[in-house]
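Read through the structure below, which is laid out as C-alpha cells, and then see the notes.
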Amino acid sequence: MKKIPLLLLSILFMISCKDEQKQKTSDTENETESVQNNNSNDLKTDSKNPINPSVKLTSLDLALEVENFITCKKTATERNDCRNSITKTISKAFGLTEFSDPKLGYVVYDSIRPIAEKSKNWLQLGAVDQKNIDMALAHTNRGGLSLIIDTAETYGHVVMIVPGESKKSGSWGMKLPNVLSLTNYKPEKSFSNKSLSYAMKKSEDLKVYIRQ
C-alpha cells in the first residue's frame, strides 16, 4: 500500500516539472516576440524618417544668406561674382562637395543641373505638378535637399524648397511650398520665405530634383 502514494508523488512531480518548463519556454518566446516587434517598429520608424544627420538647414539663417547675396551683387565687379551663392548655400547646409570649384570655391548656379543629371545621387521627379511637389516637400521636411530648376535655358533659375507646409496658389491652381530664391538678374527680389509662385512662372520647363 505504501508503494502507491510514492508512485503518485513521482507522477505529480514529473507533471509539475513539465508545466514549469512549458511556462519558461512560453515566457522566453513572448519575450523574443516582444523584442522582435520592438525592432520591427524601430525599423519602420527609421524608414519613414530617413533623417540625414549632416543637414544643418534648420540652423542656417536663410534670411542672412539672402541679405549677403544682395550685398554681394551690389558690390560685384566681375560677371561670375555672386553667381555661386545658391550652390554655396546648399553646400553649406547639406555638407556637399559635388559643387566645389578650385577657383570660385563653388560652381555657378547654372552648373547645378548638368552635375545633378550626371550624378547617381540625384533624381529628377519630373515637371512641377502636385504629386511631384508633394514628394519634394516631404523629402525636404525629412531633412533632404529638393530643388526646382528652370530648364528652358542654360542659365535657368534655381530655387531650393524650404521646410514647412504648402499653401494654395490661385495663379498656379495647386498647393506650393516656400522656397529660397537668389535672383541673379534682380537680386532685390530674392527671398527665403515666400511661395514658389513668387520666384517662377508656371511652366512645363520647371523640373523637380531631389538629392537621394
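Sparse packing (at most 12 other Cβ atoms within 10 Å of the Cβ) combined with a DSSP loop state is found for the following GluC sites (Glu not before Pro) in region 113-177: 153, 165. Cβ crowding within 10 Å ranks 72, 82 as 72, 82, fewest other Cβ atoms first. Taking 0.36 nm per residue of separation and subtracting the current Cα-Cα distance, fully stretching the chain between residue 117 and residue 104 would add 2.5 nm. Once you reduce region 62-111 and region 136-158 to the center of their Cα atoms, the two points are 16 Å from each other. For region 132-154, list residues with backbone N below 16 Å from a point placed 7 Å from the Cα of residue 97 toward its Cβ? What the label zone holds, given the 16 Å backbone N cut-off, is no residue at all. For region 57-211, the spread of Cα positions along the three principal axes, ordered from largest to smallest, is 41, 34, 33 Å. Annotation: amide H-H contacts under 5 Å for residue 126 (H modelled 1.01 Å from N, sequence separation of 5 or more, or interchain): 208.
Short-range pairs are left out: with C-alpha atoms under 8 Å and at least six residues apart, the relative contact order of region 94-212 is 30 percent. Taking other Cβ atoms within 10 Å as a rough exposure proxy, 200, 135 sort from fewest to most as 135, 200. Relative contact order of region 103-162: 31 percent, from C-alpha pairs under 8 Å at least 6 residues apart in sequence. Here 198, 109, 185 are placed in order of increasing Cβ neighbour count within 10 Å, fewest first, which gives 185, 198, 109.
Charged side chains reduced to their Cβ positions (Lys and Arg at +1, Asp and Glu at -1) give region 57-211 a dipole of some 180 debye around its Cα centre.
Taking a threshold of 26 Å on the Cα-Cα distance, which of the pairs 118/194; 120/189; 131/167; 168/189 fall above it?
Details: 118/194 30 Å; 120/189 33 Å; 131/167 14 Å; 168/189 21 Å.
Going by Cα-Cα distance, 118/194; 120/189 fall outside the 26 Å limit.
Near the amide H of residue 151, within less than 5 Å, lie the amide hydrogens of 206, 207, all on another chain or at least 5 residues away, with H placed in the peptide plane. Across region 138-147, computed HN-Hα scalar couplings (Karplus, 6.51 cos²θ - 1.76 cosθ + 1.60, θ = phi - 60°) run 4, 4, 4, 5, 8, x, x, 9, 10, 10 Hz from first to last residue, x flagging Gly and Pro. Taking amide H atoms as placed 1.01 Å from N in the peptide plane, the amide H of residue 175 lies under 5 Å from those of 169, each 5 or more residues away in sequence or on another chain.
Throughout, read-outs are computed from the coordinates displayed, never taken from laboratory work. Remember, it's a predicted structure, so these values are computed and weren't measured experimentally. Cβ sites come from the backbone with ideal geometry, for glycine too, and all protein chains shown count toward neighbours.
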